[in-house]
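Visitor: Input: one structure, supplied below.
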Amino acid sequence: MNHIKIRGNNHYFEDINPEKKEVILLVHGHPFDHTMWRYQIDALKHFRLILPDLKGYGKTDYKFEKIYIEEQALDLTFLLDDLKIDKVHLIGLSMGGQIIVEFARLFPHRALSLVICDSNPSGETEVSYQNRMQLANKMLSIGMKEYTEQDIYKYLHSNTINQKGDAYNHLYQKMINTNVEGAVASHRGRAERRDNFNFLKEIKVPTLVIVGDSDFFTPVNEMKKMANEIPNSKFAIVEKAGHIPNMEQPEAFNKLLKDFYIQDFVGS
């Protein structure tokens, strides 16, 4: 992996197809790392792909008290600056979707398009804030392995769980190997995130919203409501998928990406 220092912290990322002109920045969710996007690499071979391990995850530094959505978005701009990349297409799932919406709010001149997957950019309610903080404390108390074994079913369609195939095994390994300090810091920061729901109507770039039909965390009706706020956005449901449709149903997910980019953009 490539390495860069951003604001004194070590960040790691993959830079794939660096010879290509148009760039897609793929932003992973929690508690994963950049490898969750390995199912999309061949489908997006006509683009340069930047796949970072976000602060708190993978090989990137993780020992923090809190990690805020806003600082994750800011760190991505420093990464792009170092790579001399001005504008990008952005794909983000779950927490990653919250980050790319914040990126688009802070740096609208740098976002060419958005693909928001299984993600709600709204802020926390009083109840959900308390739930997220309790979850952070739970992770710290029991560790990522036990947390994974208790909660992995929430991320996946029942078929994926029953089959115990590549998507399940990959997710399981990523979750148990996530540094608990980073996961906790991220949850504490996300609990205080800005409410970006009202910003959605200000998004001017082409946007695709994708959701798994059985998503536990961001149900279809919630995602549809969000998509309706974004002018001229496209909305798609991936069948037999939970919170990570790109891993569970990569063929269907990748077709949505290809159709979106082929229609609106030309990879070179």
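Visitor: Failed condition for ARG194, given (1) in contact with a Gly (Cβ under 8 Å, 6 or more places away or on another chain); (2) free of Cβ contacts under 8 Å to residues at least 40 places away in the same chain; (3) among the charged types (D, E, K, R), with all others met?
Guide: So the condition that ARG194 fails would be (2).
Visitor: Something else now. Within the set of pairs 6 or more residues apart or between chains, which connect a residue that is more than 22 Å from GLU251 (Cβ to Cβ) inside region 164-177 to a residue that is modelled with pLDDT of 95 or more with Cβ atoms less than 6 Å apart?
Guide: The qualifying pairs are MET175/THR148; ILE176/MET144; ILE176/LYS145; ILE176/THR148.
Visitor: Checking LYS145 against (1) closer than 21 Å to LEU54 by Cα; (2) loosely packed, with under 15 Cβ neighbours inside 10 Å; (3) in contact (Cβ under 8 Å) with a residue 60 or more places away in the chain; (4) basic (Lys, Arg): exactly one of these is not met. Which one?
Guide: The number of the failed condition is (3).
Visitor: I'm told GLU102 meets every condition in (1) within 19 Å of PRO206 (Cα to Cα); (2) surrounded by fewer than 24 Cβ atoms within 10 Å (Cβ to Cβ); (3) not polar (S, T, N, Q) except one. Can you identify the failing condition by its number?
Guide: Status for GLU102: all satisfied but (2).
Visitor: Then there is this: Yes or no: ALA167 surrounded by 21 or more Cβ atoms within 10 Å (Cβ to Cβ), more than 23 Å from PHE103 (Cβ to Cβ) and small (Gly, Ala, Ser)?
Guide: yes
Matching residues to (1) modelled with pLDDT of 95 or more; (2) closer than 18 Å to ASP33 by Cα; (3) more than 21 Å from the chain's Cα centre (by Cα):
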residue	(1), (2), (3)
ASP118	yes, yes, no
VAL127	yes, no, yes
GLY143	yes, yes, yes
HIS157	yes, no, no
LYS164	no, no, yes
HIS170	yes, yes, no
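Visitor: Being in a helix (DSSP H, G or I), in contact (Cβ under 8 Å) with a residue 60 or more places away in the chain and touching a helix residue (DSSP H, G or I) at 6+ places or on another chain (Cβ under 8 Å), is that true of even one residue in region 47-70?
Guide: Yes, region 47-70 contains at least one residue that is in a helix (DSSP H, G or I), in contact (Cβ under 8 Å) with a residue 60 or more places away in the chain and touching a helix residue (DSSP H, G or I) at 6+ places or on another chain (Cβ under 8 Å).
Visitor: Is there a residue in region 133-141 that is within 30 Å of LYS234 (Cα to Cα), crowded, with 16+ Cβ neighbours inside 10 Å and more than 14 Å from the chain's Cα centre (by Cα)?
Guide: no
Visitor: If a residue counts only when it is of a type in the set (Lys, Arg) and buried (at least 16 other Cβ atoms within 10 Å of the Cβ), which helices (runs of 4 or more DSSP H) contained entirely in region 172-259 have at least 2 such residues?
Guide: Per the criteria, 180-190.
Visitor: Still on this model: How many residues does region 30-42 hold that are in contact with a Phe, Trp or Tyr (Cβ under 9 Å, 6 or more places away or on another chain) and not in a helix (DSSP H, G or I)?
Guide: Of the residues in that region, 4 qualify.
To keep it simple, each residue is scored yes or no on (1) crowded, with 20+ Cβ neighbours inside 10 Å; (2) more than 16 Å from the chain's Cα centre (by Cα).
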{"residue": "GLU14", "(1), (2)": "no, no"}
{"residue": "PRO18", "(1), (2)": "no, yes"}
{"residue": "LEU25", "(1), (2)": "yes, no"}
{"residue": "PRO31", "(1), (2)": "yes, no"}
{"residue": "LEU51", "(1), (2)": "yes, no"}
{"residue": "LYS55", "(1), (2)": "yes, no"}
{"residue": "THR60", "(1), (2)": "yes, no"}
{"residue": "LYS66", "(1), (2)": "no, yes"}
{"residue": "GLU71", "(1), (2)": "no, no"}
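Visitor: Looking only at region 85-96, decide whether some residue is assigned to a strand (DSSP E or B), at pLDDT 95 or above, crowded, with 17+ Cβ neighbours inside 10 Å and more than 13 Å from the chain's Cα centre (by Cα).
Guide: yes
Visitor: Step by step: first the residues of region 19-66, then only those that are among the hydroxyl-bearing types (Ser, Thr, Tyr) and out of contact with any His (no Cβ under 8 Å at 6 or more places or on another chain), then the one that is modelled with the highest pLDDT. Which residue is that?
Guide: Of all residues in region 19-66, those among the hydroxyl-bearing types (Ser, Thr, Tyr) come to 35, 39, 57, 60, 62.
Still in the running and out of contact with any His (no Cβ under 8 Å at 6 or more places or on another chain): 39, 62.
Numbers: TYR39: 97, TYR62: 92.
So, considering only residues that are among the hydroxyl-bearing types (Ser, Thr, Tyr) and out of contact with any His (no Cβ under 8 Å at 6 or more places or on another chain), the one modelled with the highest pLDDT is TYR39.
The values are calculated or read from the model by the stated rules, or taken from the named source; none is laboratory data. What you are looking at is a predicted structure, and each value in this text was computed from that prediction instead of being measured. FYI the Cβ positions are ideal-geometry reconstructions off the backbone, even for glycines, and counts take in every protein chain you see.
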